[in-house]
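The values are calculated or read from the model by the stated rules, or taken from the named source; none is laboratory data. Keep in mind that this is a model prediction, so the values were computed, not measured. So basically every Cβ, Gly included, is an ideal-geometry build from the backbone, and we count neighbours across all protein chains shown. These accessible areas exclude ligands, DNA and RNA; they are computed on the full protein's heavy atoms, side chains included. Shrake-Rupley method; radii C 1.70, N 1.55, O 1.52, S 1.80 Å.
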Amino acid sequence: KEYLSSSFSKSLFFCTHIVTTICKMENILGNEFVDNKGNTYTLAQISEAKVLLVYFSAHWCPPCRGFTPTLAEFYEEVNADGKNVEIVFVSSDKSEDQFKEYLGEMPWKAIPFDAAKLKPSKTHYQVQGIPLLLTVNKTTGALLSGKTRQLVENEGPACLDTLAALYE
């Protein structure tokens, strides 16, 4: 009886902890994501990848426009043998049309274009400039690396092991 009670308590604590951390991440990124084909995804689906990156960018930003093709190539290469990396695009575009046009160049997911949905992530990660690519904890939303853009630019797909090691 004592074993069952103890085991139940541990299970209840674990489940409560999981729900709390998912809710926290949901407060940062939301729970609805879209791709360039109009499909929708949940946070649970996004979090299935080994590594979660958050990409702050905009259609009107020349450095962003320069980095996005590099990031798209990286994304395709590291995911060629399975879902290793998921990226969530957080737009700073001025209109939904700009957002949709820019998302059309991206093979990953995005927070839908809605200021109320975009602001929590920008505030949480204290975004000061773009492009910004972050590696974040999939359950808590904690920042694991703010140097992800440099890793992708300098090492390409070879940085996947470095990024995955941040979760250990």
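Can you name the residue in segment 26-74 that is assigned to a helix (DSSP H, G or I) and under 12 Å from the mean Cα position of the chain (by Cα) and is also surrounded by the fewest Cβ atoms within 10 Å (Cβ to Cβ) among such residues? I'd like the intermediate steps shown before the answer.
Pass one, segment 26-74, residues assigned to a helix (DSSP H, G or I): 26-29, 43-46, 62-74.
Of the ones still in play, those that are also under 12 Å from the mean Cα position of the chain (by Cα) are 26, 28-29, 43-46.
Values: Glu26: 16, Ile28: 18, Leu29: 24, Leu43: 20, Ala44: 10, Gln45: 14, Ile46: 19.
Applying the filter and picking the extreme gives Ala44.
Can you tell me which condition Thr20 does not meet? The list is (1) more than 17 Å from the chain's Cα centre (by Cα); (2) surrounded by 11 or more Cβ atoms within 10 Å (Cβ to Cβ); (3) at pLDDT 95 or above, and all the others hold.
Among (1) more than 17 Å from the chain's Cα centre (by Cα); (2) surrounded by 11 or more Cβ atoms within 10 Å (Cβ to Cβ); (3) at pLDDT 95 or above, Thr20 violates only (3).
Write out, first by first residue and then by second, each pair whose Cβ atoms fall under 9 Å of each other, whose residues are 6+ apart or on separate chains, and whose first residue, in segment 114-125, is over 15 Å from Phe33 (Cα atoms) while the second is open to solvent by 60 Å² or more (accessible area, probe 1.4 Å) and part of a helix (DSSP H, G or I).
His124/Asn27
Tell me the helices (runs of 4 or more DSSP H) entirely within segment 88-168 that contain at least 2 residues that are open to solvent by 80 Å² or more (accessible area, probe 1.4 Å), under 20 Å from Arg65 (Cα atoms) and not basic (Lys, Arg). Don't jump to the end; show me each part of the working.
On the way: elements: 96-103, 115-124, 148-155, 160-165.
So the answer is 96-103, 148-155.
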